[in-house]
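Take a look at the structure below.
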Amino acid sequence: MPDRPDTSPEHLPTGVELTALDPTFRADPYPVFARLRESGPVHRDDDIKRWVLTSHDDVDRVLRDRTMAVDPRKATPGTYMHLFLSTRGREHSMLMQDAPAHTRLRALVSKAFTAPRVERLAPRIHDIIDGLLDAVEGQESFDLIEAFAGPLPVIVIAEMLGVDAADHRDFKRWSYWIGMTLNPRLTDGERAGIAAAIEESDTYLERVIAERRGQPGEDLISAMILAEEQGDQLTDDEIVTMCRLLLAAGNLTTTDLIGNGVWTLLRHPAELQKLRDDPSLIKNAVEEILRFESPVVQTARIPMKDLEVGGCPITSGESVLSFVAAANRDPAVYPEPDRFDVSREDVHHHSFGGGAHFCLGAPLARLEAQMAIAALVRRFPHLRLADEPLDWRAIPAFRGLAGLRVVVKEASA
């Protein structure tokens, strides 16, 4: 008989129990975070060789500390961050690079990903949303993830990159497998799936880049090719890696933001009614969703010098994991942190990270979520959750639903 997890009051979750691979954590990580925080906000996870932070102020301090590294090559061998050392033939994305490489890449890419460029996407995002909702109009129920929250960011990113609509399904599949690279306990089958997805996506992107170099367009790949900073430009390998990052970070997290948001609103009908009565609350509502049910659970750093966090000495080269989702519900900072309130005054959060690695795609994710949730609420006034069990995806570092069936018609009396 397999060993059962230790659920005694003295036992603190550790290792895989602190990932979405664990069914208890996957279903609801917040009681786990509360137990860790109450026992001490800095927790030593000896199983996966990392320090775990759950308090708002500790997480905020670490994310803002620009002396901290993210490059796994700087991690002590055997520690959590060292697991991500393999580059599979290419440099890591800027998500796992430090200055000056990170500074250079971000400066070049930001020129192709500016706020005005994102704002110009709003009319097209509106059309995509309308088309997806038109497709489910008249149905008694539908899977929100499959029919709406999943396709929307895939189509947006794919169109931004200038790829064929026929290839959108491949993009979604690649984004799923690339997101799985954060799993510290991959099976051989999962490693094979990741390798195949990377090879397929890289081959595809290399072909598109070659085409754009010969005939630039108005798309993001063309913009990255043309981007220049002090005479410096992105190489083809860097553009492929950046596109891969957009696939994993852009598609997966925005799908989860929309899915988590709708699920949360439908479980809190009074808050949903507030939003129906005052649609101008949508921006604040999305920020509260990001705080309350963050699609990103964690982010990691590597100290480059010995330091102390929460009274615990941490050695240079060790892995420090900040649970941003835990920080977002720290009762020391947020009054009634487990209460969802679309009109909450202080909705600041750490769901987009912080410091030098603050999410470059945050404006786009916010815009897509605001427009998607507002349109859904407006189009379907009787929307409710179907009476079906939830299936949360088992992808470490992220929190999102594999499916969410919603009912469109008014409940019968």
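The values are calculated or read from the model by the stated rules, or taken from the named source; none is laboratory data. A quick note: this is a predicted structure, and the numbers were derived from the prediction, not measured. FYI the Cβ positions are ideal-geometry reconstructions off the backbone, even for glycines, and counts take in every protein chain you see.
Structure notes:
- When Leu265, Leu246 are screened for being modelled with pLDDT of 95 or more, assigned to a helix (DSSP H, G or I) and crowded, with 21+ Cβ neighbours inside 10 Å, only Leu265 passes.
- Counting only residues that are touching a residue at least 24 places away in the same chain (Cβ under 8 Å), surrounded by fewer than 19 Cβ atoms within 10 Å (Cβ to Cβ) and out of contact with any strand residue (DSSP E or B) (no Cβ under 6 Å at 6 or more places or on another chain), the stretch 138-153 holds 3 of them.
- The stretch 24-68, residues that are in a loop (DSSP other than H, G, I, E, B), basic (Lys, Arg) and more than 16 Å from Pro13 (Cβ to Cβ): Arg66
- Test: residue in the stretch 359-367 that is touching a helix residue (DSSP H, G or I) at 6+ places or on another chain (Cβ under 9 Å), closer than 16 Å to Gln298 by Cα and either surrounded by 20 or more Cβ atoms within 10 Å (Cβ to Cβ) or among the β-branched types (Val, Ile, Thr) (or both): no
- When Pro216 is tested against (1) assigned to a loop (DSSP other than H, G, I, E, B); (2) touching a residue at least 12 places away in the same chain (Cβ under 8 Å), exactly one condition is not met: (2).
- Taken over the stretch 223-256, the criterion of being among the acidic types (Asp, Glu) and touching a strand residue (DSSP E or B) at 6+ places or on another chain (Cβ under 9 Å) is satisfied by Asp256 alone.
- Sole exception among (1) surrounded by fewer than 21 Cβ atoms within 10 Å (Cβ to Cβ); (2) modelled with pLDDT under 90; (3) of a type in the set (Gly, Ala, Ser) for Ala135, by number: (2)
- Any hit, the stretch 342-359, residues being closer than 30 Å to Leu121 by Cβ, hydrophobic (A, V, I, L, M, F, W, C), without any contact (Cβ under 8 Å) to a residue 24 or more places away in the chain and assigned to a loop (DSSP other than H, G, I, E, B): yes
- Conditions (1) closer than 30 Å to Asp71 by Cβ; (2) free of Cβ contacts under 8 Å to residues at least 40 places away in the same chain: number failed by Pro331: (1)
- Just so you know, in the stretch 288-314 the residues that are among the polar types (S, T, N, Q) and out of contact with any Lys or Arg (no Cβ under 9 Å at 6 or more places or on another chain) include one that is farthest from Ile395 (Cα to Cα), and it is Thr299.
- Glu336 being farther than 27 Å from Leu186 by Cα and free of Cβ contacts under 8 Å to residues at least 40 places away in the same chain: yes
- Between Arg191, Arg117, the distinction of being over 28 Å from Ala394 (Cα atoms), modelled with pLDDT under 95, among the charged types (D, E, K, R) and surrounded by 13 or more Cβ atoms within 10 Å (Cβ to Cβ) belongs to Arg117 only.
- Pairs, first assigned to a helix (DSSP H, G or I) in the stretch 93-119, second of a type in the set (Phe, Trp, Tyr) and at pLDDT below 85, C-beta under 8 Å, six or more apart: Met96/Phe84
- Considering residues of the stretch 268-327 that are without any contact (Cβ under 8 Å) to a residue 40 or more places away in the chain and in a strand (DSSP E or B) only, the residue farthest from Leu364 (Cα to Cα): Pro313
- Filter pass, Leu367 being under 20 Å from the mean Cα position of the chain (by Cα) and part of a helix (DSSP H, G or I): yes
- Residue list for the stretch 213-225, filter: more than 28 Å from the chain's Cα centre (by Cα) and of a type outside the set (D, E, K, R): Gly214, Gln215, Pro216, Gly217
- Any hit, the stretch 10-31, residues being more than 29 Å from Gly193 (Cα to Cα) and at pLDDT 95 or above: yes
- Any pair with Cβ under 7 angstrom, 6 or more apart, that starts in the stretch 165-179 at a residue that is part of a helix (DSSP H, G or I) and ends at one that is surrounded by fewer than 21 Cβ atoms within 10 Å (Cβ to Cβ) and of a type in the set (Asp, Glu): Trp174/Glu200
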